[in-house]
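A.B. asks: Quick one: structure below, then a few questions.
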Amino acid sequence: MAMCTQVRLVMAQIGEAAAAGAAADMSDPARHVHQRPGLPRRDGQVLPERGPEQAAPGACRRHLAAAGRFQRRGVLPVLGSIRRAQQDGSREIGEVEAEWDHLLDRLIQDHERNSDPRDKDADFTHVLLSVRREYGLSREQMKGILIDVFFGGTGTSSSVLDFTMSVLMRRPHMMKKLQAEVDSSIPEGQEAVSEADLTNMTYLRAVVKESLRLHPVAPLLPHFSMARCSVDGYTIPAGVRVLINSLAIGRDARYWEGAEEFIPERFIGHGSAAHVSFKGNDFQFLPFGSGRRMCAGVNFGIASVELMLANLVHRFDWELPVGKKRCDIDMSEVFGLVVNRKSKLVLVPKLRV
């Protein structure tokens, strides 16, 4: 599968750094895997970056940054007529949307010249073009689907990996426990962890859940009220933006023991949150939202994070650069529609297998 192919590419890159005794910026290899999952070939190979595909990840990051900024008119619509209020993130969003429109027009036009989905180099866009008549897809609807694909593969999974690796580096006993589980879950002598190997890795899954509880990549989940309703005594009018604070919910001491502590064991066995899942049915844990509007890419996103993390801890031991201490790892965040760590995580990989 394309996901396994991409993980192998990153393992090879990190392996080169390990052989040279060099440090690796853990932001860059993670993005290499997660920036382009939307356009793999059907045979699972990764296409070389070119044209619009190369520019799309940058547009994603600019769009996420702009959309996450405070917008005065979203709080007080009357400010829309005031010139100064028009200088908030709304203008930048408009510029990025125009950039998207141009990029996606180029992408579709490039693929229309060779739109045979049976071609060995066919990718997601080719397949989308082949079914547009069957499903009555307009050009604008196709653009919307492609934007979802690009956004689903950029930033979010990388951010989860960054936070999770940072937490594990600050807690070496948890890193060793995770490595022991991964090592015991795969056949002896096998270098790479496959998707099938993840089935029994309960501690791995618990570590990812706990990372998402404390560091959700989307701390504010935007919704739009379709009808007037009442929530806990507050009246919500129809037609207004509603933000669900998943960060505050995940750290609410009324529902979580040791709410500010990183305790993966809470999700295992007889732990207090062993029954809690990603599916959105447990409202104290909503990293992907809930209901019909929850993230459609939750299964792919979790699988890609788990597969990458399992391979990172199985293939390599990790050390800090000379002169750095574990307490020096800064967990400060840069706020946006997707939250990232403020500082880069630079580690020295040591080959294990």
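A.B. asks: Working only within region 229-273, note down all residues that are surrounded by fewer than 14 Cβ atoms within 10 Å (Cβ to Cβ), small (Gly, Ala, Ser) and in a loop (DSSP other than H, G, I, E, B).
C.D. replies: If the condition is that a residue be surrounded by fewer than 14 Cβ atoms within 10 Å (Cβ to Cβ), small (Gly, Ala, Ser) and in a loop (DSSP other than H, G, I, E, B), then GLY233, ALA238, GLY239, ALA253, GLY258, GLY269 are the ones that fit.
A.B. asks: May I pose another question? Which of the helices (runs of 4 or more DSSP H) contained wholly in region 114-209 include at least 3 residues that are at pLDDT 95 or above and not aromatic (Phe, Trp, Tyr)? Lay out the reasoning, then the answer.
C.D. replies: Values: elements: 124-130, 139-152, 156-170, 172-185.
Hits in region 114-209: 156-170, 172-185.
A.B. asks: Please determine, by comparing only the residues of region 306-353 that are of a type in the set (Gly, Ala, Ser) and within 23 Å of THR156 (Cβ to Cβ), which one is surrounded by the fewest Cβ atoms within 10 Å (Cβ to Cβ). First the steps, then the outcome.
C.D. replies: First, pick out the residues of region 306-353 that are of a type in the set (Gly, Ala, Ser): 310, 323, 332, 336, 343.
Going one step further and asking which of them are within 23 Å of THR156 (Cβ to Cβ), we end up with 310, 332, 336, 343.
Numbers: ALA310: 25, SER332: 7, GLY336: 20, SER343: 15.
Within region 306-353, the match that is surrounded by the fewest Cβ atoms within 10 Å (Cβ to Cβ) is SER332.
A.B. asks: What tally of residues in region 284-305 results from selecting those that are buried (at least 22 other Cβ atoms within 10 Å of the Cβ), assigned to a helix (DSSP H, G or I) and not hydrophobic (A, V, I, L, M, F, W, C)?
C.D. replies: 2
A.B. asks: Those residues that are buried (at least 23 other Cβ atoms within 10 Å of the Cβ), within 17 Å of PHE335 (Cβ to Cβ) and not hydrophobic (A, V, I, L, M, F, W, C), I need them from region 209-227; list them, please.
C.D. replies: Selection gives HIS215, PRO216.
A.B. asks: Name the one entry in GLU188, GLU195 that is charged (D, E, K, R), touching a Cys at 6+ places or on another chain (Cβ under 9 Å) and closer than 26 Å to VAL10 by Cβ. Let's see the steps before the verdict.
C.D. replies: Details: GLU188 fails: touching a Cys at 6+ places or on another chain (Cβ under 9 Å).
Within the list GLU188, GLU195, the selection yields GLU195.
Here's the yes/no breakdown for (1) in contact (Cβ under 8 Å) with a residue 60 or more places away in the chain; (2) within 14 Å of SER290 (Cβ to Cβ):
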| residue | (1), (2) |
| --- | --- |
| GLU210 | no, no |
| HIS215 | yes, no |
| PRO219 | yes, no |
| VAL242 | no, yes |
| SER246 | no, yes |
| ARG251 | no, no |
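The values are calculated or read from the model by the stated rules, or taken from the named source; none is laboratory data. Since this is a predicted model, take the numbers as computed values, not measurements. Backbone-built Cβ (ideal geometry, glycine too); neighbour counts: all protein chains shown.
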